[in-house]
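Quick notes on the structure that follows.
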Amino acid sequence: MNQGKRVTSQSLIGQSGINLIERIVQDMGYIWRPTPIYDVGIDGEIEIRDPTTGEMTNAIIKVQSKATTKQFQFETDNSFEYSCTQKDLDGWLRGNVPIILVVCRPDTDEAYWVSIRDYFKDPAIQKARKVLFDKQRDCFDASCAAVLKTLALPKDSGTYFAPLQKTETLYTNLLKVTFLAPKIHVAGTNYRRDGSVWKEFNLMEVKVGREWILTDKKIFSFHKLDEPPFNAICDLGTCESFDTREWADSKDEDTKRQFVKLLNRCLREKTKLLGLEFNETHKHYHFRPTRELRIRKVSYQSLKKKVSREVFKQYVKKNDPTQKTYCRHSAFKGHFLRLSNEWYLEIFPTYHFTSDGYWKHKFRNELLQGIKRVERNPDVLGQLLMWADYLSQSTLFSSEYPFLHFGQLATVDINTSLPDSVWSKSEEKDTLEEEDAENQLELLVNEN
């Protein structure tokens, strides 16, 4: 008995993947055309269209779709791998039309992409036939429109696109200070140096925070100075208090420097409660190592959903997992500044590298420069959002730390979308000087 025609489950999954790509392309304002069945290795093409005028450009990008409902190969919260066949790779690299590979999971509306020729331009990567996808950097959604346009249109094509008329949010690296201790307390003392005061505290066997400064035989502090342990080192007859805003709003440069010094000491104490360590050499804060050097992840609110990021990880040799190579700690540098009568912490995400979680790695600079070469705007934005969310935690730590609270990152809304090419830099410019500009962000960070 003859059986009827059949459609396999994999065919349905494949079509679901193509449907997802078509929907995303339509959201970009471009045109999607499925490829005839005899065009082997290509599932469709995207024609670039000016979303403002509707003008077609005849600029084409070929698309190869790979869809699944299962877990991706070697998938983590942040990345996964895709292995290409030699036959596919040979076919993709022929010709001169740009081709992109889109790997998707239709049932969760996830899609990720790379430009085939750009990714496999290195012969060593061609030989490996593997694509390492970063879920943030390589996400295929409507925000990729500008990148695809650049990929499809030669620089000398002469094609002009009117600016996309939409509101776009730019994220700065400025974390707003939302609360400061209301009073600064001041009193005279016989001590002249910080070390002498700390020696006295040690003799008293008391624990006290760093939220105080000593200048001209006067102590200024967010702590009350007529209470232990400060009452033992201060002239109680000189104890006074004044509103913190007097220093916060002062235009006197010396006063501003003293206030920033006090804020930095508050930050030291606050980050200590958050499980961070301050590195005196490089002047940054980094996550402490975990017990047994296990991976530590931190959950935070990204632009669209709750995600997690590895903030401490020990790396091993690929050919010998018993050989430890280095530990990577997420880190940041912070500088307080005042803008329009508001105080902000300017955050510069970076990394700290150790040999065993504690001792600085001897190739720390090379490791740092290496990671900076491959990081792009989405990578830095992800770190920035993580630090902003982590430092502004209130439910767990506000009751423990009363002197300094943070809010949200400052944002700027603009009416014209900026292409990703405006934000991207050459690989050489992405390599940062270690001493003076370690991971210096642009003030504005594009959410795309």
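Each row is one residue, and each column tells you yes or no for (1) touching a residue at least 40 places away in the same chain (Cβ under 8 Å); (2) touching a Cys at 6+ places or on another chain (Cβ under 8 Å).
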| site | (1), (2) |
| --- | --- |
| L12 | no, no |
| Q26 | no, no |
| Y30 | yes, no |
| P36 | no, no |
| D43 | no, no |
| I48 | yes, no |
| A59 | yes, no |
| A67 | yes, yes |
| K70 | no, no |
So which residues in segment 366-393 are within 20 Å of the chain's Cα centre (by Cα) and farther than 30 Å from A410 by Cα? L367
With criteria (1) more than 30 Å from G407 (Cα to Cα); (2) within 21 Å of the chain's Cα centre (by Cα); (3) not charged (D, E, K, R), F353 comes up short on (1)
Within segment 289-324, can you find the residues that are in contact with a strand residue (DSSP E or B) (Cβ under 9 Å, 6 or more places away or on another chain), without any contact (Cβ under 8 Å) to a residue 40 or more places away in the chain, of a type outside the set (S, T, Y) and more than 17 Å from P349 (Cβ to Cβ)? R294, I295, K306, V316, K317, Q323, K324
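In this structure, is S115 surrounded by 15 or more Cβ atoms within 10 Å (Cβ to Cβ) and under 15 Å from L20 (Cβ atoms)?
It is false that S115 is surrounded by 15 or more Cβ atoms within 10 Å (Cβ to Cβ) and under 15 Å from L20 (Cβ atoms).
Results for (1) in a loop (DSSP other than H, G, I, E, B); (2) surrounded by 13 or more Cβ atoms within 10 Å (Cβ to Cβ), shown as yes or no for each residue.
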{"position": "P228", "(1), (2)": "yes, no"}
{"position": "S250", "(1), (2)": "yes, yes"}
{"position": "R257", "(1), (2)": "no, no"}
{"position": "V260", "(1), (2)": "no, yes"}
{"position": "H286", "(1), (2)": "no, yes"}
Among the residues of segment 359-408, how many are farther than 24 Å from G209 by Cβ, in a loop (DSSP other than H, G, I, E, B) and in contact (Cβ under 8 Å) with a residue 24 or more places away in the chain? 4
Restricting segment 368-402 to residues that are touching a His at 6+ places or on another chain (Cβ under 9 Å) and at pLDDT 85 or above, which is farthest from F179 (Cα to Cα)? L368
Look at segment 23-73 and say how many of its residues are in a loop (DSSP other than H, G, I, E, B) and either surrounded by 15 or more Cβ atoms within 10 Å (Cβ to Cβ) or not assigned by TED's automatic domain parsing to the domain that holds R105 (or both). 10
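Given the residues E246, E269, which is the only one that is out of contact with any Asp or Glu (no Cβ under 9 Å at 6 or more places or on another chain) and either assigned to a strand (DSSP E or B) or charged (D, E, K, R) (or both)?
On the way: E269 fails: out of contact with any Asp or Glu (no Cβ under 9 Å at 6 or more places or on another chain).
Unique residue meeting the criteria: E246.
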With respect to S241, determine if the residue is in contact with an Asp or Glu (Cβ under 9 Å, 6 or more places away or on another chain), assigned by TED's automatic domain parsing to the domain that holds E346, hydroxyl-bearing (S, T, Y) and not in a loop (DSSP other than H, G, I, E, B). no
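Return the total of residues in segment 132-150 being closer than 18 Å to I18 by Cα and in a loop (DSSP other than H, G, I, E, B). It would help to see each step written out before you state the result.
Taking segment 132-150 first, the residues closer than 18 Å to I18 by Cα are 138-142, 144-145, 148.
Applying the additional criterion that residues be in a loop (DSSP other than H, G, I, E, B) yields 138, 140-141.
Going through segment 132-150 one residue at a time, the tally reaches 3.
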Identify all residues within segment 291-324 that are out of contact with any Gly (no Cβ under 8 Å at 6 or more places or on another chain) and outside any strand (DSSP E or B); write none if there are none. R291, E292, R294, I295, L303, K304, K305, K318, N319
Residues (under 41 Å from the mean Cα position of the chain (by Cα) and part of a helix (DSSP H, G or I)) located in segment 197-226: V197, W198, K199, F201, N202
Report yes if some residue within segment 97-112 is farther than 26 Å from N377 by Cα and without any contact (Cβ under 8 Å) to a residue 60 or more places away in the chain; otherwise report no. yes
Is it true that K217 is closer than 19 Å to L262 by Cα, in contact with a Gly (Cβ under 9 Å, 6 or more places away or on another chain), in the same structural domain as L404 (by TED's automatic domain parsing) and surrounded by fewer than 14 Cβ atoms within 10 Å (Cβ to Cβ)? yes
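The values are calculated or read from the model by the stated rules, or taken from the named source; none is laboratory data. As the structure is a prediction and not an experimental result, all values here were calculated from the model. All Cβ positions, glycine included, derive from the backbone under ideal geometry; neighbour counts span all protein chains shown.
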